[in-house]
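Trainee: Pasting in a structure now, in structure tokens, and then I'll have a few things to ask.
The values are calculated or read from the model by the stated rules, or taken from the named source; none is laboratory data. The structure presented is a predicted model; accordingly, all values stated were derived computationally and were not measured. Ideal geometry is used to build each Cβ from the backbone, glycine not excepted, and the neighbour counts take in all protein chains shown. The accessibility values were calculated without ligands, DNA or RNA, using every heavy atom of the protein model including side chains. Shrake-Rupley method; radii C 1.70, N 1.55, O 1.52, S 1.80 Å.
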Amino acid sequence: MSYEEEHTEGNMLNEPMGVYLTQGSSNPFYALLSGVRPISLSSDFNIVQLTREGLPKRVLLGLAKKISLTMQQLANIMHISERTLQRYDDDAIIKTEYAEKAIELARLYTRGEEVFGTMDKFKTWMGTQSLVFNGESPLSLLDTSAGFNMVFTELGRIEHGIFA
């Protein structure tokens, strides 16, 4: 058999079986943002669209409950007073800048669950002080975008086995 015949016969794609996320409630990101209409996550533009539409207060409170944040912690991360957050009706759409923080939280906790294997392990890590973060807990850094980036970066390091 010639080289050409050998390589043209095997022109069939043999891909290993994999699990592909489909849009809908099976996506852990949307599980954290229960009550949000699932959209395709094929690009960051879809996340931008969701952010611009805003989120109802009930979605924010549901997210806080699922990731074990108090109303005060959520308010601090979102840069809004706890009292102002309480004044919103449950179905009121929260401003874009607050929705953006909530979506970042959902993305972070979804990623953390992937890296740590369970949400409980990730939540424990988030509340634990670390030398990597100068003695602060990862959760305490989430009031800034730089803090979010630091936590995402550290998750990548942990996933690849690069510890401090």
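Trainee: Give me the pairs: first residue in the range 135-164 and of a type in the set (S, T, Y), second residue open to solvent by 90 Å² or more (accessible area, probe 1.4 Å), beta-carbon distance under 7 Å, and six or more apart or on different chains, which are they?
Mentor: The qualifying pairs are S137/Q129.
Trainee: Something else now. In the range 80-105, which residue that is among the hydroxyl-bearing types (S, T, Y) and surrounded by fewer than 17 Cβ atoms within 10 Å (Cβ to Cβ) is modelled with the lowest pLDDT? Spell out the reasoning first.
Mentor: To start, the set of residues in the range 80-105 that are among the hydroxyl-bearing types (S, T, Y) comprises 81, 84, 88, 96, 98.
When the remaining residues are screened for being surrounded by fewer than 17 Cβ atoms within 10 Å (Cβ to Cβ), the result is 81, 84, 96.
Values: S81: 92, T84: 92, T96: 84.
That would be T96.
Trainee: Would you confirm, using the coordinates I've provided, whether S34 is of a type in the set (G, A, S) and modelled with pLDDT under 60? Can you show your working first?
Mentor: Numbers: of a type in the set (G, A, S): yes; modelled with pLDDT under 60: no.
It is false that S34 is of a type in the set (G, A, S) and modelled with pLDDT under 60.
Trainee: Keeping to the range 40-60, report how many residues are crowded, with 17+ Cβ neighbours inside 10 Å and hydrophobic (A, V, I, L, M, F, W, C). If you could, list the steps in order and put the result at the bottom.
Mentor: Kept after step one, since they are crowded, with 17+ Cβ neighbours inside 10 Å, are these residues of the range 40-60: 47, 50-51, 54-57, 59-60.
In the following step, the residues that additionally are hydrophobic (A, V, I, L, M, F, W, C) were identified as 47, 50, 55, 59-60.
Total meeting the criteria: 5.
Trainee: Follow-up. So, in the range 91-129, how many residues would count as being polar (S, T, N, Q) and touching a residue at least 24 places away in the same chain (Cβ under 8 Å)?
Mentor: We begin by selecting, within the range 91-129, every residue polar (S, T, N, Q); these are 96, 110, 118, 124, 128-129.
Right, trim to touching a residue at least 24 places away in the same chain (Cβ under 8 Å) and you get 96, 110.
Residues that pass the stated criteria total 2.
Trainee: Another question about this same structure. Among the residues of the range 117-131, count how many are under 17 Å from T153 (Cβ atoms) and open to solvent by less than 50 Å² (accessible area, probe 1.4 Å).
Mentor: 4
Trainee: Of E136, E159, which residue is open to solvent by 70 Å² or more (accessible area, probe 1.4 Å) and closer than 24 Å to E97 by Cβ?
Mentor: Numbers: E159 fails: closer than 24 Å to E97 by Cβ.
Step by step, each of E136, E159 is checked, and only E136 is open to solvent by 70 Å² or more (accessible area, probe 1.4 Å) and closer than 24 Å to E97 by Cβ.
Trainee: Six or more apart or on different chains, Cβ under 7 Å: which pairs go from a residue in the range 64-79 that's without any contact (Cβ under 8 Å) to a residue 60 or more places away in the chain and open to solvent by less than 10 Å² (accessible area, probe 1.4 Å) to one that's assigned to a helix (DSSP H, G or I) and of a type in the set (D, E)? Could you list them?
Mentor: A75/E82
Trainee: Out of K121, K95, I need the residue that is of a type outside the set (G, A, S) and either farther than 19 Å from I47 by Cβ or in contact with a Leu (Cβ under 8 Å, 6 or more places away or on another chain) (or both). Which one? Working first, answer last.
Mentor: Values: K95 fails: either farther than 19 Å from I47 by Cβ or in contact with a Leu (Cβ under 8 Å, 6 or more places away or on another chain) (or both).
On inspection, the qualifying residue turns out to be K121.
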